[in-house]
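*Asks:* One structure is given below, represented as structure tokens, and several questions about it will come after.
The values are calculated or read from the model by the stated rules, or taken from the named source; none is laboratory data. Predicted model, so just to flag it, every value in this text is computed and none were measured. Backbone-built Cβ (ideal geometry, glycine too); neighbour counts: all protein chains shown. The area values use the complete protein model at the heavy-atom level, side chains included, leaving out ligands, DNA and RNA. Shrake-Rupley method; radii C 1.70, N 1.55, O 1.52, S 1.80 Å.
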Amino acid sequence: MDLDALLYHYFGAESLETLDDAAIQSGLERLRIDFGTERDSSRRFALWVLLHGLGEAPDPVIAFKDVRERQAAENYARAAERAERDS
């Protein structure tokens, strides 16, 4: 999935810095709904990663029933935290 395309799809812009709070909240709501209803595991994981990057992702234990998907999300979250801490 292309990050710019996802941002444009959910928020109507490729940069969140240009949006007001109402537009961001509206985009987040659409993103949460799609995450909750998505059945394709790879697309669902990509939506979770976007939510995580925006600080809005549900905990992997809640978000993923499949053990492998949950572990992948936990590994991603730890790697993202390390990358943020080290930058």
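*Asks:* Roughly how many percent of the accessible protein surface of the chain is carbon and sulfur, given a 1.4 Å probe and a whole-percent answer? Please list the in-between numbers first.
*Replies:* Values: 2900 of 5780 Å².
Whole-percent figure for carbon plus sulfur exposure: 50.
*Asks:* Moving on to the next point. How large is log10 of I(q)/I(0) for the chain at q = 0.17, 0.26 Å⁻¹ when the intensity is taken from the Debye formula with one equal scatterer per alpha-carbon?
*Replies:* Debye intensities relative to I(0), on a log10 scale: -0.73, -1.33.
*Asks:* Cut-off 20 Å, label point 7 angstrom out along Cα-to-Cβ of Ala23: give me the residues of segment 1-15 whose amide nitrogen falls inside.
*Replies:* Those under the cut-off are 3-15.
*Asks:* Can you find, among Tyr76, Val61, Leu6, the residue farthest towards the positive end of the dipole of the chain? Put +1 on the C-beta of Lys and Arg, -1 on that of Asp and Glu.
*Replies:* Val61
*Asks:* Now, a different point. If I take R0 = 22 Å and measure r between the Cβ atoms of Arg82 and Ala5 in this structure, what FRET efficiency does the formula 1/(1 + (r/R0)^6) give, to the nearest 0.05?
*Replies:* 0.25
*Asks:* About the Cα centre of the chain, what is the dipole size in debye to 20, counting +1 per Lys and Arg Cβ and -1 per Asp and Glu Cβ, all else neutral?
*Replies:* The dipole magnitude comes to about 480 debye.
*Asks:* Same structure, new question: So what is the relative contact order of segment 26-80, in percent, for Cα pairs below 8 Å that sit 6 or more residues apart?
*Replies:* 24 percent
*Asks:* Test of the criteria: in segment 31-87, which trypsin sites (Lys or Arg not before Pro) are in a DSSP loop and have at most 14 other Cβ atoms within 10 angstrom of their Cβ?
*Replies:* Arg39, Lys65
*Asks:* Just to confirm, what accessible area per residue do you get for the chain at 1.4 Å probe, in whole Å²?
*Replies:* Ligands and nucleic acids excluded, the figure is 66 Å² per residue.
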